[in-house]
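The values are calculated or read from the model by the stated rules, or taken from the named source; none is laboratory data. This one's a predicted model, so the numbers in the text were calculated from it and none came from an experiment. Cβ atoms come from the backbone with ideal geometry, glycine included; neighbour counts cover every protein chain shown.
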Amino acid sequence: MSGSDRAVPAPGQAALVAPNAAALLRRNATDPDVASRPAIRFGDRVWTHGEFFAESCRFARLFAERLPAMGPRHVAVLLDNTPDYLFAFGGAALVGAAVVGLNHTRRGEHLLVDMRHTDCSLLLVEPRHLPLVDDVRADLPPTLVTRRFELPELPEAGAGEHESPACELSAALDALSDVSDPGHEPSVDDRWALIFTSGTSAAPKAVICTQRRLLVTGNRMALMLELGPHDCGYVCMPLFHSNAIQVGWAPSLVAGCAVGLARRFSASGWLPDVRRYRATYFNYTGKPLAYLNSTPEAADDADNPLRVAFGNEGSPEVVAAFARRFAVDVIDAYGATEGGIALNRRLGDPPGALGMPPESVIVVDSDGEELPRAAIDPQGRLTNATECVGEIVNTAGSGPFEGYYGNAEATASTTRNGWYWSGDLGYKDAAGFLYFAGRNADWIRVDGENFPAAPIEEALRAAPRVVLAAVYGVPDAQAGDQVMAGLVLDQDSGRGATVTTAAPGFDGSGFAAWLDALVAIGPKWHPRYVRILRTPPTTGTNKIVKRTLVHEKWRSDRCGGDPIFVRPRGEAGYRPFGPDDEAALRTEFAANARERFWDL
């Protein structure tokens, strides 16, 4: 079933389980009831907690040798989800260092900026990711290449330029003369991770996570998921993201159980992996549930060991369908890497609600004044978005948020007035339930009316054959914006539909008719343009990067060949937006002295 009634334990209910992370690893390695139990499963290989600690000691000795004795001890990690990622976390815990997970959807100069911003003095990378940094190779920190978990089918592009044994991780580990526990007792307030925010609408920021933060969060999640010694998590969300670390891996350390790793999320590989690892819990963020629901159904889908999934940003319909199909209890929550607000939905909550927040969580305008409640008409449409939609804040303080590394200005902005400012838009209904309305960049202004993108996205996800929908504003040739929707269609898009050769699976007339019959959103909120996203720009957690879509707009030179459709005012359906349409629109922008918006 979906919509668990289990409450998120308050911080006070989830105390520290060890003096520091090093002590927890040592406990797991020496407790006879834990040491021989699996800690990591990766393919057919298994490491017990004792073996994980031994490998962590090797990494700790390597870090002690390679990281500066004074100043930040930060190691950048540019890997898929392989055991080396977790060994790096274990080694960092033992010497009071921090892991900086790099997002492999970023490239070159952006990755270099991330490393410099976080003061990394060592980089761990695997051959398949070397091309991402080839053009900044001369400026990289000392680099260790790991081939320890390569798969035959994975490319090794760029590996030839890093063949020196001196920069091979295996050689560096084998050269260590001492691989015993370094015996360091780090402070529980030492940084253990710097986790970048997803950056879907702005440049990412590095959130500080101390050993205390991850230990407390791991304990809270272990309590909430009711983990025992024989549970196993399935971690296919990227380990550079907070969800994988805080919900997937950290609880397994506290409970002394296991995680099974997948290099990356795969909709087709998910169920076979869950069965192979005998996984009992699963963490997700973004759109994986929608992708899994879109795979062909099988009669035995519910025949799997999963009992609980925890994540966020799943729409109620998607969550319910996933829970029914795979016989899993799904806890879909609202939260952020910073941790300043955390809510989870419960059975009986209104559709689309994030949950009932505490009194300290309110919706405010830019001056911090609480906004009025939402007015919703009998058809379920939000009728006063301009008055009721504002930023979600926690007036009780910033909770476990420990600041952004090297960004005092952003930290001050997020914690101004002693509150936690989420950067997310929302509104409350008359009963006090909280609803998500998008990011601060997700406001669209059409004909003088401001409205949020999220309710439109929520409606479009129910359209026939639509798996994902991203809604955003593109400039109007005269003033304000027009609504544009990027749609990802399901795998069966061509079956039984009236289609166009421009985009098999998209029925422009049928989609328009479906929209016109929809009561959840008004006509002004209907997309003027539709883009069929063949390869949507995403973060590593499958969130669509809207700032990229906003930049690409309807321009054929930016959209990579994706089919674009338009529904001019008064027309019955969507038709292909071709070169003549684009040229005419550009002329219209020029005639209205708005050419700068064309080039933004």
Could you list, in sequence order, the residues of the range 456-490 that are among the hydrophobic types (A, V, I, L, M, F, W, C), touching a helix residue (DSSP H, G or I) at 6+ places or on another chain (Cβ under 8 Å) and in a loop (DSSP other than H, G, I, E, B)? 462, 463, 477
Restricting the range 243-263 to residues that are touching a Cys at 6+ places or on another chain (Cβ under 7 Å) and part of a loop (DSSP other than H, G, I, E, B), the one nearest to residue 212 (Cα to Cα) turns out to be 257
Can you tell me which residues in the range 506-546 are closer than 22 Å to residue 290 by Cα, assigned to a helix (DSSP H, G or I) and under 28 Å from the mean Cα position of the chain (by Cα)? 546
Of the residues in the range 308-334, those that are in contact with a strand residue (DSSP E or B) (Cβ under 6 Å, 6 or more places away or on another chain) and either of a type in the set (Val, Ile, Thr) or assigned to a loop (DSSP other than H, G, I, E, B) (or both) come to 308, 314, 319, 328, 330, 331
Verdict on residue 443 being over 20 Å from residue 338 (Cβ atoms), free of Cβ contacts under 8 Å to residues at least 60 places away in the same chain and aromatic (Phe, Trp, Tyr): yes
Of the conditions (1) touching a residue at least 40 places away in the same chain (Cβ under 8 Å); (2) surrounded by fewer than 20 Cβ atoms within 10 Å (Cβ to Cβ), residue 332 satisfies every one except a single condition; which number is it? (2)
Return the only residue of 359, 387 being outside any strand (DSSP E or B) and under 19 Å from residue 422 (Cβ atoms). 359
Go through the range 556-567 and report how many residues are without any contact (Cβ under 8 Å) to a residue 60 or more places away in the chain and either out of contact with any helix residue (DSSP H, G or I) (no Cβ under 9 Å at 6 or more places or on another chain) or not assigned by TED's automatic domain parsing to the domain that holds residue 586 (or both). 2
Residue, surrounded by the most Cβ atoms within 10 Å (Cβ to Cβ), within the range 58-71, restricted to residues that are within 30 Å of the chain's Cα centre (by Cα) and part of a helix (DSSP H, G or I): 60
The one condition residue 326 fails out of (1) in contact with a Pro (Cβ under 6 Å, 6 or more places away or on another chain); (2) free of Cβ contacts under 8 Å to residues at least 60 places away in the same chain is (1)
In the range 488-512, residues that are among the aliphatic types (A, V, I, L, M) and modelled with pLDDT of 95 or more total 1
Within the range 419-461, restricting attention to residues that are under 23 Å from the mean Cα position of the chain (by Cα) and charged (D, E, K, R), which residue is surrounded by the fewest Cβ atoms within 10 Å (Cβ to Cβ)? 461
Hand me the list of strands (runs of 3 or more DSSP E) wholly inside the range 72-155 holding 2 or more residues that are free of Cβ contacts under 8 Å to residues at least 60 places away in the same chain. 74-78, 120-125, 143-145
Considering each of 523, 527 in turn, give the residue that is within 30 Å of residue 312 (Cα to Cα) and buried (at least 17 other Cβ atoms within 10 Å of the Cβ). 527
Looking only at residues in the range 297-318 that are modelled with pLDDT of 95 or more and not aliphatic (A, V, I, L, M), which one is farthest from residue 222 (Cα to Cα)? 297
Residue 516 surrounded by fewer than 16 Cβ atoms within 10 Å (Cβ to Cβ), of a type in the set (D, E, K, R) and at pLDDT below 95: yes
